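Chemist: Please see the structure below; I have some questions.
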Amino acid sequence: MCLLNRAQERIDAWAELNSIPGHFTGSTGAQVLTSEQLSNSGPQAWVKKDQFLRAAPVSGGMGAQLMRKMGWREGEGLGKNREGNKEPILVDFKTDRKGLVAVGEKTQKRHGPFSTVKDLSGKHPVSALLEVCNKRRWSPPVFVLVNDNRPEYRKHFLFKVMVNGVEHKPSFVSPNKKHAKATAATVALQALGLVPKELLANTTNFRSASHN
């Protein structure tokens with residue numbers, strides 16, 4: 001009995017010398033991730049590209065129960081005529097941060113000063129100009145009618161527009177006020193580097209038609 005007590009005392013003494021209060025000296029078996037693995041600079045540490053390929057197929061669950069209620073049996077194809085997939089679709093994990101692209105989609109290359117500017121096509125030029133002034137916290141554009149040719153049967157119009165203290169005016173007239181205002185807005189957007197010169201092609205067609 002004395003030997004057991006002495007052995008226990010020695011064990012207790014050794015434990016006191018080698019223990020740090022609050023410090024766990026055992027092992028849980030957990031594989032703790034390092035700070036580099038937990039950082040967001042790269043792929044997540046738990047992600048393996050072939051994780052789905054190596055995973056065991058799911059053999060149960062709520063989805064399987066619902067499919068069985070609808071008449072599906074394991075090993076049969078999906079769909080009304082059971083001609084669909086019989087095996088799970090195997091996919092790889094995406095381990096980078098690159099964007100996705102659809103099959104057949106072509107990348108559109110932009111050149112010149114228009115590469116960093118939002119595409120304004122599809123918007124009315126006046127609305128687009130108002131939006132630009134609003135985003136840049138400028139005063140709203142001011143349109144002024146500068147040419148109202150007579151007689152009535154052959155009337156032409158020309159607008160100029162003031163944008164952030166700068167005047168913009170087309171070099172040709174338009175057949176109506178609406179078109180003249182849109183042309184002035186287009187010239188202003190072109191001067192701001194937001195639209196290419198080609199957008200004025202349709203406007204010049206009105207000019208040539210008006211002189212016939």
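Chemist: Answer yes if at least one residue in the range 27-41 is surrounded by 10 or more Cβ atoms within 10 Å (Cβ to Cβ), at pLDDT below 75 and not in a loop (DSSP other than H, G, I, E, B), and no otherwise.
Modeler: The first filter runs over the range 27-41 and keeps only residues surrounded by 10 or more Cβ atoms within 10 Å (Cβ to Cβ), leaving 33, 37-39.
Subsequent filtering for residues that are at pLDDT below 75 retains 33, 37-39.
This time we only want the ones that are not in a loop (DSSP other than H, G, I, E, B), so: 37-38.
Within the range 27-41, one or more residues are surrounded by 10 or more Cβ atoms within 10 Å (Cβ to Cβ), at pLDDT below 75 and not in a loop (DSSP other than H, G, I, E, B).
Chemist: Just checking, which of 127, 121 is modelled with pLDDT of 80 or more and hydroxyl-bearing (Ser, Thr, Tyr)?
Modeler: 127
Chemist: Output the residues belonging to the range 159-178 that are assigned to a loop (DSSP other than H, G, I, E, B) and not hydrophobic (A, V, I, L, M, F, W, C).
Modeler: Those that are assigned to a loop (DSSP other than H, G, I, E, B) and not hydrophobic (A, V, I, L, M, F, W, C): 164, 165, 169, 170, 171, 175, 176.
Chemist: On the basis of being among the acidic types (Asp, Glu), over 36 Å from the mean Cα position of the chain (by Cα) and either modelled with pLDDT of 70 or more or not in a loop (DSSP other than H, G, I, E, B) (or both), does residue 83 make the cut?
Modeler: Yes, satisfied.
Chemist: Would you be able to say whether some residue in the range 99-118 is in contact with a Pro (Cβ under 7 Å, 6 or more places away or on another chain), assigned to a loop (DSSP other than H, G, I, E, B), surrounded by 11 or more Cβ atoms within 10 Å (Cβ to Cβ) and at pLDDT below 80?
Modeler: Checked the range 99-118: no residue is in contact with a Pro (Cβ under 7 Å, 6 or more places away or on another chain), assigned to a loop (DSSP other than H, G, I, E, B), surrounded by 11 or more Cβ atoms within 10 Å (Cβ to Cβ) and at pLDDT below 80.
The values are calculated or read from the model by the stated rules, or taken from the named source; none is laboratory data. Keep in mind that what you see is a predicted model, and the values were worked out from it rather than measured. Using ideal geometry, Cβ is built from the backbone for each residue, glycine included, and neighbour counts are taken over all protein chains shown.
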